[in-house]
Amino acid sequence: MSFDWKSYTPVIIPDIPNLHEIDVYTKNGGYDSLKEVLSDDWDPTKVVNEVKAANIRGRGGAGFNAGLKWSFMPKPDGGPRYLACNGDESEPGTFKDRKIFEYNPHLFIEGALIAAYAMQCSAIYVYIRGEYYSWIKMMEKALKDAYDKGFIGKNILGSGFDVEFHVTGGAGAYICGEETSMLESLEGKRGYPRVKPPFPAQKGLWGRPTTINNIETLSCVPLVIKNGADWFSGIGAETHPGPVLYGISGHVNRPGVYELPTGMPVLTLIEEVAGGMRNGKKLKGLIPGGSSTPILRGDALEGVNMDADSLREAGSMMGTAGMIVMDEDTDMVEMLWRISHFYHHESCGQCTPCREGTGWLEKILLKIRNGDGEIRDLELLIDLCSQMEGRTICALADAAAYY
Amino acid sequence: MANNYEFTPEDLKEIETIKAKFPEVMPATLPTLWVAQRRFGHVEPEVQHLVAETLDLPVSHVHGVATFYTQYYKEKMGKYVLDVCTTTSCQLCGGYDMLHYLENKLGIKAGETTKDGMFSIQSVECLGACGYAPMMQITNDVYVNNLTEEKLDEVIESLKADKMPEFESVGMPQHTERS
Ligand SMILES: Cc1cc2nc3c(=O)[nH]c(=O)nc-3n(C[C@H](O)[C@H](O)[C@H](O)COP(=O)(O)O)c2cc1C
Ligand code: SF4
């Protein structure tokens with residue numbers, strides 16, 4: 001791909017000083033998309049269809065078309081309906097949604113309001129991991145400003161549309177990023193994922209229809225309304241389009257969050273965008289989209305692009321686009337042992353294959369790490385993983401088996 | 001049961017604001033535990049009782065929640081809790097070196113508190129700051145990024161003088177340099 005990444009102009013987090021302030025945001029066209037959809041030219045179905053046509057694939061990990069997900073909400077019956085925004089961001093390697101909270105919170109708020117209008121929701125909750133205390137404060141301030149300007153609350157901009165919008169925080173539990181665990185946590189309980197069906201669109205928060213979307217996913221929505229579905233779906237990879245926040249960490253010279261189109265060659269991202277490998281070392285491995293996506297060998301990355309199709313072909317997934325780069329000196333066993341410890345620590349313990357399996361993975365990897373590994377142990381690992389995949393309530397066990 | 005802990009009127013006002021966000025009282029459990037922990041420094045069983053009483057919820061429920069989530073301190077901790085991230089990106093970039101440096105400097109192991117009650121150290125899971133590794137969070141509050149031994153020395157000195165480091169905004173590398 002001969003895409004000139006240097007000439008790309010960020011739109012999710014544009015280079016505008018103090019854009020987090022509501023006056024700066026509105027001066028730069030902010031909340032115009034909300035005004036647009038609340039005007040007589042639009043109705044909720046038209047918004048859902050436009051967003052569906054844009055093909056915003058969920059940025060929280062699973063890559064599901066956002067508009068299509070919205071269309072699963074049942075018809076309004078007069079009772080409450082919810083949008084729950086997932087700002088748990090606990091997947092190792094992922095640190096992008098906090099950039100939105102810090103640099104462009106109103107884009108997210110506007111996107112969530114448009115989504116709520118499209119699905120006729122009565123309230124929006126944004127759930128932010130408890131560790132992000134500093135960013136929770138930023139969101140509280142941004143929401144207050146949006147309330148004060150009349151973008152949230154009763155009869156928004158005189159349209160007759162009412163919606164409440166609240167921020168609430170977690171308290172340290174990776175599993176609460178799983179959408180039904182997040183709902184449990186929002187309801188004030190331990191974050192045990194729910195058995196599906198029923199799906200949240202049928203029975204979500206307090207048993208009412210609920211849709212869950214990631215922060216970055218919702219932040220794309222005002223851009224789609226402003227520029228059109230064709231504009232969005234014309235950016236980046238054809239089957240997985242749009243601008244995306246790549247979080248690049250590990251052994252590179254310039255780690256950080258970069259906004260670029262989907263479908264970027266991974267080697268361009270590592271060698272050019274992130275400034276190349278630290279200390280001129282060789283690339284040994286890459287975790288492309290957060291710790292739950294399978295690791296790829298450094299010598300097999302030629303021609304691999306950051307989109308669902310290309311990564312599937314290579315044997316991995318897009319996940320959250322949180323790329324962890326490892327150099328030739330990385331001790332793979334050490335790395336695997338630590339991540340197995342993570343999954344064991346974070347398993348909520350409801351399902352036996354997950355609770356026990358993650359424990360055994362960690363034990364065996366610890367044994368190998370300590371130099372006592374036997375060939376038998378590798379067979380045992382493979383066997384364990386096959387018994388964990390697809391046999392549990394949520395995908396944590398699958399994730400633990402993949403890495 | 002007589003309780004040694006009491007919310008201030010401001011706390012109670014904050015708890016009312018929290019309750020107003022939700023259609024039921026139970027969702028106030030996590031945020032009220034936060035109010036309690038920020039007030040008392042921990043949520044030991046007596047504090048859990050207070051939260052249960054204040055919200056009129058069963059103690060067993062509050063206890064179940066307090067123990068499920070790792071950020072709640074179920075026992076007294078140091079005045080400053082140093083949460084050093086050691087998950088993948090931090091592990092790759094020297095998170096364990098930073099952890100061990102702190103352990104040696106303060107003469108305690110991860111999971112312990114100094115005798116004077118000033119510092120606790122914990123080795124924690126990914127804090128979502130992977131590009132700024134190695135890093136740590138102080139007492140569930142501010143993030144300190146791109147740690148080095150020198151930076152840790154400075155942070156410890158300033159905490160000894162009861163000064164929290166300031167929030168560091170880490171920009172987007174694509175944005176033009178601004179100061
Ligand atoms: C164990 C686990 C952890 C997850 N953590 C997160 C998270 O931190 N943030 C997030 O947005 N989605 C997370 N997800 C995905 C959510 O379940 C859900 O698919 C997503 O929030 C939907 O939003 P999207 O369609 O906009 O991506 C996680 C899933 C699993 C199984
Ligand atoms: S798979 Fe693991 S984390 Fe998910 S519900 Fe079951 S025990 Fe909990």
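The values are calculated or read from the model by the stated rules, or taken from the named source; none is laboratory data. This is a predicted model, so every value here is computed, not measured. Methodologically, a virtual Cβ is constructed for each residue, glycine included, from the backbone with ideal geometry; neighbour enumeration extends over all protein chains shown. For the accessible areas, the whole protein counts, side chains as well, though only heavy atoms, and no ligand, DNA or RNA atoms are used. Shrake-Rupley method; radii C 1.70, N 1.55, O 1.52, S 1.80 Å.
In the set A:383, A:377, A:372, which member is open to solvent by less than 50 Å² (accessible area, probe 1.4 Å), farther than 20 Å from residue A:176 by Cα and not assigned by TED's automatic domain parsing to the domain that holds residue A:267? Result of the check over A:383, A:377, A:372: A:377. Out of everything in segment A:351-369 that is within 18 Å of residue A:194 (Cβ to Cβ) and open to solvent by less than 80 Å² (accessible area, probe 1.4 Å), what residue ends up being nearest to ligand 1 (Cβ to nearest atom)? Result: A:354.
Scanning segment A:368-403 for residues that are assigned to a loop (DSSP other than H, G, I, E, B) and aromatic (Phe, Trp, Tyr) yields one hit, A:403. Checking the stated criteria, residue A:35 turns out to be open to solvent by 80 Å² or more (accessible area, probe 1.4 Å) and under 27 Å from residue A:138 (Cβ atoms).
For segment B:46-67, the criterion of a residue being of a type outside the set (D, E, K, R), within 13 Å of the chain's Cα centre (by Cα) and in the same structural domain as residue B:13 (by TED's automatic domain parsing) is satisfied by no position.
Within segment A:51-80, the only residue that satisfies the criterion of being closer than 17 Å to residue A:218 by Cα, surrounded by fewer than 21 Cβ atoms within 10 Å (Cβ to Cβ) and among the charged types (D, E, K, R) is A:52. Does residue A:276 meet the test of being surrounded by 23 or more Cβ atoms within 10 Å (Cβ to Cβ), small (Gly, Ala, Ser), touching a residue at least 24 places away in the same chain (Cβ under 8 Å) and out of contact with any Phe, Trp or Tyr (no Cβ under 9 Å at 6 or more places or on another chain)? The answer is no for residue A:276. Among all positions in segment A:336-350, there is no residue which is away from ligand 1 (no atom under 16 Å from the Cβ) and open to solvent by 60 Å² or more (accessible area, probe 1.4 Å).
Among the conditions (1) within 11 Å of chain B (Cβ to nearest Cβ); (2) within 16 Å of ligand 1 (Cβ to nearest atom); (3) open to solvent by 10 Å² or more (accessible area, probe 1.4 Å), residue A:138 misses just one, which is (2).
Would you confirm, using the coordinates I've provided, whether residue A:103 is in contact with a Leu (Cβ under 7 Å, 6 or more places away or on another chain), facing another protein chain (nearest Cβ under 10 Å) and within 20 Å of residue A:154 (Cβ to Cβ)? Spelling it out, it is not the case that residue A:103 is in contact with a Leu (Cβ under 7 Å, 6 or more places away or on another chain), facing another protein chain (nearest Cβ under 10 Å) and within 20 Å of residue A:154 (Cβ to Cβ). The residue that is farthest from ligand 2 (Cβ to nearest atom), counting only those in segment A:345-403 that are within 14 Å of chain B (Cβ to nearest Cβ) and among the aliphatic types (A, V, I, L, M), is A:365.
Is it the case that residue B:150 is over 28 Å from residue A:87 (Cα atoms) and of a type outside the set (Val, Ile, Thr)? Break it down into steps so the answer makes sense when it comes.
Numbers: over 28 Å from residue A:87 (Cα atoms): yes; of a type outside the set (Val, Ile, Thr): yes.
Judged against the criteria, residue B:150 is a match.
Against the condition within 11 Å of chain A (Cβ to nearest Cβ), open to solvent by less than 10 Å² (accessible area, probe 1.4 Å) and over 15 Å from the mean Cα position of the chain (by Cα), how does residue B:131 come out, does it pass? Working first, answer last.
Details: within 11 Å of chain A (Cβ to nearest Cβ): yes; open to solvent by less than 10 Å² (accessible area, probe 1.4 Å): yes; over 15 Å from the mean Cα position of the chain (by Cα): yes.
Yes, satisfied.
Among all positions in segment A:53-61, there is no residue which is more than 16 Å from ligand 1 (Cβ to nearest atom), part of a loop (DSSP other than H, G, I, E, B) and away from chain B (no Cβ under 14 Å). If you go through segment A:108-135 and pick out every residue that is in contact (Cβ under 8 Å) with a residue 60 or more places away in the chain and within 14 Å of another protein chain (Cβ to nearest Cβ), you end up with 3. For segment A:175-186, enumerate the residues that are open to solvent by 20 Å² or more (accessible area, probe 1.4 Å) and under 18 Å from the mean Cα position of the chain (by Cα). Once the filter is applied, which keeps residues that are open to solvent by 20 Å² or more (accessible area, probe 1.4 Å) and under 18 Å from the mean Cα position of the chain (by Cα), segment A:175-186 yields A:177, A:178, A:179. Just the residues that are in contact with a helix residue (DSSP H, G or I) (Cβ under 9 Å, 6 or more places away or on another chain) and either outside any loop (DSSP other than H, G, I, E, B) or at pLDDT below 95 (or both), please, taken from segment A:178-195. Passing the criteria: A:181, A:182, A:183, A:184, A:185, A:186.
Taking segment A:294-320 as the range and being within 12 Å of chain B (Cβ to nearest Cβ) and open to solvent by less than 50 Å² (accessible area, probe 1.4 Å) as the test, only A:320 passes. Those helices (runs of 4 or more DSSP H) of segment A:197-253 in which at least 1 residues are away from ligand 2 (no atom under 16 Å from the Cβ) and small (Gly, Ala, Ser), considering only elements entirely within it, cover A:215-219, A:229-233.
Are any of the residues in segment A:186-193 more than 10 Å from every other protein chain (Cβ to nearest Cβ), within 16 Å of ligand 2 (Cβ to nearest atom) and touching a residue at least 12 places away in the same chain (Cβ under 8 Å)?
Yes.
For segment B:97-109, which positions are in contact with a strand residue (DSSP E or B) (Cβ under 8 Å, 6 or more places away or on another chain) and closer than 13 Å to residue B:123 by Cβ? The answer is B:98, B:99, B:102, B:103, B:108, B:109. The residues of segment B:3-28 that are among the polar types (S, T, N, Q), open to solvent by 80 Å² or more (accessible area, probe 1.4 Å) and more than 14 Å from every other protein chain (Cβ to nearest Cβ) amount to a single one, B:4.
Would you mind stating whether residue B:168 is acidic (Asp, Glu), within 14 Å of another protein chain (Cβ to nearest Cβ) and open to solvent by 10 Å² or more (accessible area, probe 1.4 Å)? Spelling it out, residue B:168 is indeed acidic (Asp, Glu), within 14 Å of another protein chain (Cβ to nearest Cβ) and open to solvent by 10 Å² or more (accessible area, probe 1.4 Å). Of the residues that sit in segment A:153-174 and are within 16 Å of ligand 2 (Cβ to nearest atom) and open to solvent by less than 10 Å² (accessible area, probe 1.4 Å), which one is farthest from the other protein chains (Cβ to nearest Cβ)? Among those that are within 16 Å of ligand 2 (Cβ to nearest atom) and open to solvent by less than 10 Å² (accessible area, probe 1.4 Å), it is A:170.
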